[in-house]
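Working notes, structure below.
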Amino acid sequence: MEITEQCVVALTWTLKDTLGEELDVLDEPVEFLVGGHDLLPVIETALQGHGVGASLQLQIEPEQAFGDFNDQLLFLEPRHLFPADLQEGLTMEGSALPEGCHADAPKDALYTITDIYPDHVVLDGNHPLAGIAIRISLKVEAVRDATEEEIGRGSCGTGFFKLQVGHTEDDVHADRTLH
């Protein structure tokens with residue numbers, strides 16, 4: 001079966017930055033809806049017309065993926081506003097930031113705690129890959145027709161490097177992955 005809009009592809013990949021540093025490896029196939037919001041448009045376009053067994057090598061520039069790094073999404077917040085057990089790498093929704101945090105911090109962003117100092121915490125609202133050109137080697141492991149439910153949702157339930165914003169107290173500190 002050839003890849004077209006409204007089909008599901010199972011992909012494996014290796015993702016590197018332009019210096020060759022490995023950023024992510026997906027060894028087991030994961031399904032993505034083509035024609036929905038699971039994949040970056042540049043990847044969907046590249047996949048069109050290919051089938052099972054196809055291998056593609058893509059270089060994706062920041063503006064085609066996660067945008068440029070925006071220093072306006074970095075915030076220094078008072079340490080005392082956060083729990084004592086706060087750890088670097090944890091994420092939280094902008095809407096769940098503690099009372100007293102910077103009023104200009106967008107509420108619809110997902111923030112990563114990047115640094116913890118005695119007097120302040122650094123919050124970064126950029127995607128972890130913002131400003132980075134990436135090289136992806138991907139392989140099409142399977143192709144199938146999408147179900148009506150998948151088409152209706154616009155997803156197989158897995159986004160391509162999308163960060164899921166938590167909706168419960170436990171989810172706020174949930175680990176986020178690149179896939």
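Here are a few things to note about the model shown:
- Taking region 43-60 as the range and being within 15 Å of the chain's Cα centre (by Cα) and over 22 Å from ARG144 (Cα atoms) as the test, only ILE60 passes.
- Of all residues assigned to region 10-30, none qualifies as being over 14 Å from the mean Cα position of the chain (by Cα) and closer than 14 Å to GLY154 by Cα.
- Number of the exception - LEU33 against (1) of a type in the set (A, V, I, L, M); (2) under 17 Å from LYS139 (Cβ atoms); (3) in contact (Cβ under 8 Å) with a residue 24 or more places away in the chain: (2)
- So GLU44, is it charged (D, E, K, R), more than 28 Å from GLY20 (Cβ to Cβ) and surrounded by 15 or more Cβ atoms within 10 Å (Cβ to Cβ): no
- ASP68 vs. criteria in contact with a helix residue (DSSP H, G or I) (Cβ under 7 Å, 6 or more places away or on another chain) and loosely packed, with under 13 Cβ neighbours inside 10 Å: yes
- Any hit, region 142-149, residues being outside the structural domain of GLU31 (by TED's automatic domain parsing), assigned to a loop (DSSP other than H, G, I, E, B) and touching a strand residue (DSSP E or B) at 6+ places or on another chain (Cβ under 8 Å): no
- Residues of region 113-160 that turn out to be among the β-branched types (Val, Ile, Thr), at pLDDT 95 or above and touching a Pro at 6+ places or on another chain (Cβ under 8 Å), as a count: 1
- Considering each residue of region 95-110 in turn, at least one proves to be free of Cβ contacts under 8 Å to residues at least 40 places away in the same chain, closer than 25 Å to LEU40 by Cβ and not charged (D, E, K, R).
The values are calculated or read from the model by the stated rules, or taken from the named source; none is laboratory data. The structure displayed is predicted, hence computed values, not measured ones. We place every Cβ from the backbone using ideal geometry, glycine too, and count neighbours over all the protein chains shown.
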